[in-house]
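Structure first, commentary second.
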Amino acid sequence: MVKENNTLFVIFGGSGDLAHRKLYPALFQLYLKGSLNEHFAVIGTARRPWSHEFFRAGVLENLSDGTVEQRETFVEHFYYQSHDVKDSAHYVALKRLIDELDAKYQINGNRLFYMAMAPALFGTIADHLRSERLLSTGGYNRLIIEKPFGHDYESALALNNAIVGTFDQDQVFRIDHYLGKEMVQNIPFIRFANPFLDAVWNRDYIDNIQITLAESLGVEERGGYYETAGALRDMVQNHIMQIIAMLAFPRPTKYADQEINQAKSQVFASLPVYTPAEVATKFVRGQYGQDIAGKQVAYRDEDKIEPTSTVETFVAGEVDLNLPQWQGVPFYVRTGKRLPTKKTRIDVVFKADTSQLFAAQQPVNPVLTIQVEPESGIELTLNGKEIGTSSLIEPHQSQYLLNADQQKQVPDAYERLLLEAVLGKQGNFAQWEGMAGSWHFVDAIRSAWAQEPTVDFPNYQSGTMGPKAADELLTKTGRHWIYQG
């Protein structure tokens, strides 16, 4: 039987797209599954002068599962508070509503504050939560924050200092929705629960690891944000770095949050700080142009984009970890917009046979592929014999992909991570040490690029796998991207 969790959610930015599109449907799934039942409430805050009824109607529009009765009962737990995050008097009114709902639903002082707002306001909100005494003294107080968490190390540090003035580090949950994806969470189980893989998960047997986060869409309505971020900040600094940590962290003493986070912190501490010369040889940036048919516009022609913009929509690079287990093993990463398909996958490329046993032939590199999305599952490519009387080697592939029924059982990333925050589980949230390490890594690349602002953009067509230089990163070492798009 699923245990009910008594929790009061306060969502700053409760009228926004993230809240309606992701958070409220995720909370509804927790309600349908019994993790939330009678003893919970949700307060949405924003500047707009909405009523509870108007707010509930908007929440209801984004719910599709369950029965009509279940949806209507669920939204009765939702309340709205018009709120100016810079006005202390508004926090006094918010506190009255929090205390009223805590008593009404017997929540026992358990409070989860979600900042679905611009990061520049995080510190202001945290300060007022403390000064106006909105934190509970009887239950838990937890804070969930969204990316972008700063735009460089200095701004991220300032944000972190502003938040930890109110909340302890173990009360802060920095959400990265890639850490909520089924197959990303599966990585440690694949590694450590299979002794034959655990034994070869190191530099002696792995040639390289490739991580691809491909998006088929362009910037769409996010042009204003993207001009200040770019692919390096938007995807590499957070999602890709978190995946690298999951792939590379040393075996913990036990499978528990604290031990996992300590192990992952070793990976982030081992990230290099490349010189400009190293950036030039190890990283490639790109920006999409029109597609071959001329139907999709170039990035520079998108809404809210500067016509001479040098913001990158594609990044590919080599990450070299300074850990004994991974010395000499390049982690190749790439991410971009307007690529052929939406695809997230990891290819662990093992070393090829170098003995003389099959000297007349060329066995392929065995590859373990972890499909993250849209498919979820594992593929293993091995060398085997060609069918028949020949002795020729050919690749054989074994595949396990979740079927349609299994996919339906997979919780949405936000559903999973919201529940883990309610339960106080920190293992699948970004920690400050990791963010600091990844910002140092990314800042060095951005600094090198800033010294060479003139870029021949656009340099790849929409619908292709990025600029040719991304392929050359690997071909110059005799390697190639396993996933070809």
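The values are calculated or read from the model by the stated rules, or taken from the named source; none is laboratory data. Treat the numbers as computed from the prediction; the structure is a model and nothing was measured. Don't worry about glycine lacking a Cβ; one is built from the backbone with ideal geometry, like all the others, and counts go over all protein chains shown.
Worth a mention:
Results for (1) closer than 25 Å to ILE125 by Cα; (2) out of contact with any Leu (no Cβ under 6 Å at 6 or more places or on another chain), shown as yes or no for each residue.
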position: LYS3; (1), (2): no, yes
position: LEU23; (1), (2): yes, yes
position: GLN29; (1), (2): no, yes
position: GLN70; (1), (2): no, yes
position: LYS86; (1), (2): yes, yes
position: LEU97; (1), (2): yes, yes
position: GLU100; (1), (2): yes, yes
position: ARG111; (1), (2): yes, no
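- Selection from the stretch 399-442 of residues that are in a strand (DSSP E or B) and surrounded by fewer than 18 Cβ atoms within 10 Å (Cβ to Cβ): GLN399, TYR400, LEU401
- If the condition is being out of contact with any helix residue (DSSP H, G or I) (no Cβ under 8 Å at 6 or more places or on another chain) and outside any helix (DSSP H, G or I), then the stretch 226-268 contributes LYS254, ALA256.
- Note on the stretch 148-164: residues that are of a type outside the set (Gly, Ala, Ser) and farther than 18 Å from ILE445 by Cβ amount to 6.
- The residues on offer are ALA256, ALA277, ALA248, and the sole one that is among the aliphatic types (A, V, I, L, M) and closer than 16 Å to GLN426 by Cβ is ALA256.
- Subset of the stretch 1-33 that is more than 24 Å from HIS128 (Cβ to Cβ) and in contact with a Lys or Arg (Cβ under 8 Å, 6 or more places away or on another chain) - its residue that is surrounded by the fewest Cβ atoms within 10 Å (Cβ to Cβ): VAL2
- Candidates LEU213, LEU159, filtered to the one that is among the aliphatic types (A, V, I, L, M) and either without any contact (Cβ under 8 Å) to a residue 12 or more places away in the chain or farther than 30 Å from LEU97 by Cα (or both): LEU213
- Qualifying residue in the stretch 110-125 (condition: without any contact (Cβ under 8 Å) to a residue 24 or more places away in the chain, part of a helix (DSSP H, G or I), surrounded by fewer than 21 Cβ atoms within 10 Å (Cβ to Cβ) and not assigned by TED's automatic domain parsing to the domain that holds THR228): yes
- Residue in the stretch 82-95 that is within 19 Å of ALA41 (Cα to Cα), outside the structural domain of LEU232 (by TED's automatic domain parsing) and not in a helix (DSSP H, G or I) present: yes
- Residue list for the stretch 310-364, filter: part of a loop (DSSP other than H, G, I, E, B), crowded, with 19+ Cβ neighbours inside 10 Å and not aliphatic (A, V, I, L, M): GLU312, THR313, LYS337, ARG338
- With respect to the conditions (1) part of a helix (DSSP H, G or I); (2) more than 28 Å from ALA156 (Cα to Cα), LEU63 lacks only one, and its number is (1).
- Among the residues listed as LEU179, LEU129, LEU159, LEU197, the single one being surrounded by fewer than 16 Cβ atoms within 10 Å (Cβ to Cβ) and assigned to a helix (DSSP H, G or I): LEU197
- When SER64 is tested against the conditions (1) farther than 21 Å from PRO119 by Cα; (2) hydroxyl-bearing (Ser, Thr, Tyr); (3) at pLDDT 95 or above, the lone failure is (3).
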